Every structure is written in structure tokens, then in C-alpha cells.
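Asks: Handing you a structure now.
The values are calculated or read from the model by the stated rules, or taken from the named source; none is laboratory data. As the structure is a prediction and not an experimental result, all values here were calculated from the model. Every residue, glycine as well, gets a Cβ built from its backbone with ideal geometry; the counts of neighbours run over all protein chains shown.
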Amino acid sequence: MIIMKKTMITLSFCSLLCLSGCDKPNSPLIQDHAKPKDHLSKPQNQQIPDWTGHYKAFIPCKDCDKKLFSIQLHPNQTYTLKEIQFFKQKTRQKQSSGTFNFDPQDSRLIQLTEDKSNKMRYLSWHDQFLELRDRHKNQRNDFEKYQIPKIQKIEVNNALKHVDIQADLFKTEKIQSNKLESTKLTYFFEINNQSDRALKIRDSDIVLVDDKNNEYPASIDNSPVPPIQPNKTDYHLVSFIHSESSSPLYIKIK
């Protein structure tokens, strides 16, 4: 009898332990495994399209001496366009904006649609330049004169008062200078004379400074340049020849 009582007590105690174990909630470790893992998607960096940028050049003009065509293509497929016609005694400027899209049959053909007039124009996109097409999307005669290169801005350290000067890299050429490999850089200068006096710009007034603090003299196309009249803006191509072993840093106006 005593043995049976001990056995019953032991069984009862084990049953209580089992019941108390079943009543306990799951352990934190088990709960962590049961929770679904949150997979947060990381934002992807959007690449800027290759055609994005600023393009600028002089192009032929039937009704004027020359015409400046300056267009910026933005990543959201909008554009801003500035056209300046140059006459002997005056200039005429037009600014416009709109949207553009690529031809489904020709991935390099761009159709511009002006916001105000819905006027359409056509360009073909190449690696570092645009080419202005005619209204039928065809390549023009003397098409090389309608090529508009992509430009890059450079800092201008300007000592002239009341004069604003901007310079954009227009063309890069590899040349031989004094039997050494050199680079000819041509910049597109926009010179805005805001003073009340005519401004004279000479080759010797402009130098290119590289990352080693070397200076390279300028050569202005069609030099000597006629004086820029008060409150007028003029445009010129300015070239520098610098060493292959250095990088251009800024342009200094003395």
C-alpha cells in the first residue's frame, strides 16, 4: 500500500508539471522564428540618360549673318532652347521650351514639340553632339555645319568689373605642338558687357590655368575682336593648347 501511494503521488506530480508546461506561452525564440521577415526594397539610383546635357553652336542662317543654337535636354524629356540671330547692327533673340520624344523607328531621332505653338523640329542624337534635321526628318545639305556639340562649363576667374563671362568647352583635339603630344581646347565664350563703356578683349587678356598652376595663352578666333558695346553680349570661340600631362582647372581674365 505504501508503495502504491508513493507511485500515485509521483504520477500526480509529473502530471502537474506537464500541465504547467502546456499553459506557458511560446518562448521568445520560437516567436521570433514564427514572425515573417520584412524585406525592405532599397531605392535604386536612377541613371541620367546619355543624351542629357547642354548643346551649343553657330549654325547657318539664311536671313542673318550667323545664328546661335543653344539647347538643353533634360532627363524628364523636356527642353529649353535659345536662338540668337546676328545682324550687322543688331541681334534678335528667341527663347522657347517644350517636350521631346524619340522616334519609335529610329532611336536616335528626336522630335521637339514647342509648348506654345506645337511646332515640331527634328534632331538626331550622336555620342557628343546633336544634328539639326530638316522638317522632313532628313539630313541637311552640308550637314556638318548643323552639328551642335555637347558642352562642358569651366570656372572663369574674371577681374573685369561689370562684365559677365561664361565659358563652355566646345571642342577637344589632339595635336602635335613642338614635337610633343598636346591638346587643343576650344571654348565657347559668352561675354556680357554690363558697363557703360565699350569693352576691348585681346588674346593676351585670357589664360587657361591647369592643376599644376601653369598658364596657357589664348587664341581668339577672328582676332582682333571688335569692341563690345555697352550693355551688349558677344560670343567668341577661344582656343588654348596645353600639355597632355595636366588637366585644365579654370580660365583667368586679367
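Asks: For the range 214-231, give me each residue that is in a loop (DSSP other than H, G, I, E, B) and either hydroxyl-bearing (Ser, Thr, Tyr) or in contact (Cβ under 8 Å) with a residue 12 or more places away in the chain (or both).
Replies: Matches in the range 214-231: Asn214, Ala218, Asp221, Asn222, Ser223, Pro224, Val225, Pro227, Gln229, Pro230, Asn231.
Asks: Mind listing whichever residues of the range 60-84 are at pLDDT 95 or above, part of a strand (DSSP E or B) and either loosely packed, with under 15 Cβ neighbours inside 10 Å or not acidic (Asp, Glu) (or both)? Lay out the reasoning, then the answer.
Replies: Within the range 60-84, the first condition is being at pLDDT 95 or above, and the residues that meet it are 69-83.
Remaining after also requiring part of a strand (DSSP E or B): 69-73, 78-83.
Correct list: Phe69, Ser70, Ile71, Gln72, Leu73, Thr78, Tyr79, Thr80, Leu81, Lys82.
Asks: Restricting to the range 55-103, what's the tally of residues that are of a type in the set (D, E, K, R) and touching a residue at least 40 places away in the same chain (Cβ under 8 Å)?
Replies: Residues in the range 55-103 being of a type in the set (D, E, K, R) and touching a residue at least 40 places away in the same chain (Cβ under 8 Å): 1 in total.
Asks: Follow-up question, since we're still on this one. Within the range 85-100, take every residue that is farther than 19 Å from Gln166 by Cβ and aromatic (Phe, Trp, Tyr) and give me the one that is surrounded by the fewest Cβ atoms within 10 Å (Cβ to Cβ). So that I can check it myself, show each step before the final result.
Replies: Residues of the range 85-100 farther than 19 Å from Gln166 by Cβ: 85, 87-90, 92, 94, 96-100.
Restricting the remaining residues to those that are aromatic (Phe, Trp, Tyr) gives 87, 100.
Numbers: Phe87: 12, Phe100: 19.
Out of the qualifying residues, it is Phe87.
Asks: Follow-up question, since we're still on this one. Can you confirm whether the range 232-254 contains a residue that is part of a loop (DSSP other than H, G, I, E, B), modelled with pLDDT under 95 and in contact with a His (Cβ under 9 Å, 6 or more places away or on another chain)?
Replies: For the range 232-254, residues part of a loop (DSSP other than H, G, I, E, B), modelled with pLDDT under 95 and in contact with a His (Cβ under 9 Å, 6 or more places away or on another chain): absent.
Asks: Filter the range 85-110 down to residues that are more than 18 Å from Lys150 (Cα to Cα) and part of a strand (DSSP E or B), then give me how many there are.
Replies: Within the range 85-110, residues that are more than 18 Å from Lys150 (Cα to Cα) and part of a strand (DSSP E or B) number 16.
Asks: Something else about it: Could you grab the pairs with beta carbons closer than 8 Å, sequence gap of 6+ or different chains, first residue in the range 160-184 and closer than 19 Å to His236 by Cα, second one assigned to a loop (DSSP other than H, G, I, E, B) and among the polar types (S, T, N, Q)?
Replies: His162/Gln194; His162/Ser195; Val163/Gln194; Val163/Ser195; Asp164/Gln194
Asks: Go through (1) part of a loop (DSSP other than H, G, I, E, B); (2) surrounded by 15 or more Cβ atoms within 10 Å (Cβ to Cβ); (3) not hydroxyl-bearing (Ser, Thr, Tyr) and name the single condition Asn118 misses.
Replies: It is condition (2) that Asn118 fails.
Asks: Against the definition (under 20 Å from Lys82 (Cα atoms), in the same structural domain as Phe58 (by TED's automatic domain parsing) and either β-branched (Val, Ile, Thr) or touching a residue at least 60 places away in the same chain (Cβ under 8 Å) (or both)), how does Leu123 come out, yes or no?
Replies: So Leu123 does not fit the description; no.
Asks: Here is a further query. Could you tell me which numbered condition Lys150 fails, if it satisfies all but one of (1) farther than 30 Å from Glu215 by Cα; (2) surrounded by 15 or more Cβ atoms within 10 Å (Cβ to Cβ); (3) charged (D, E, K, R)?
Replies: (1)
Asks: Here's something else I'd like to know. Kindly indicate which of Pro226, Pro230 is surrounded by 12 or more Cβ atoms within 10 Å (Cβ to Cβ) and not polar (S, T, N, Q).
Replies: Result of the check over Pro226, Pro230: Pro230.
Asks: From the set of residues in the range 178-215 that are out of contact with any Ser or Thr (no Cβ under 9 Å at 6 or more places or on another chain) and small (Gly, Ala, Ser), which is surrounded by the fewest Cβ atoms within 10 Å (Cβ to Cβ)?
Replies: Ser204
Asks: Of the residues Ser107, Ser41, Ser20, which single one is modelled with pLDDT under 95, of a type outside the set (A, V, I, L, M) and within 18 Å of His126 (Cβ to Cβ)?
Replies: Residue meeting the stated conditions: Ser107.
Asks: Any idea which of (1) modelled with pLDDT of 95 or more; (2) loosely packed, with under 13 Cβ neighbours inside 10 Å is the one Asp142 doesn't satisfy?
Replies: Tallying (1) modelled with pLDDT of 95 or more; (2) loosely packed, with under 13 Cβ neighbours inside 10 Å, Asp142 fails exactly one: (1).
Asks: While we're here: Against the conditions (1) in contact with a helix residue (DSSP H, G or I) (Cβ under 7 Å, 6 or more places away or on another chain); (2) farther than 20 Å from His74 by Cβ, where does Glu131 fall short? Just the number, please.
Replies: Result: Glu131 fails condition (2) only.
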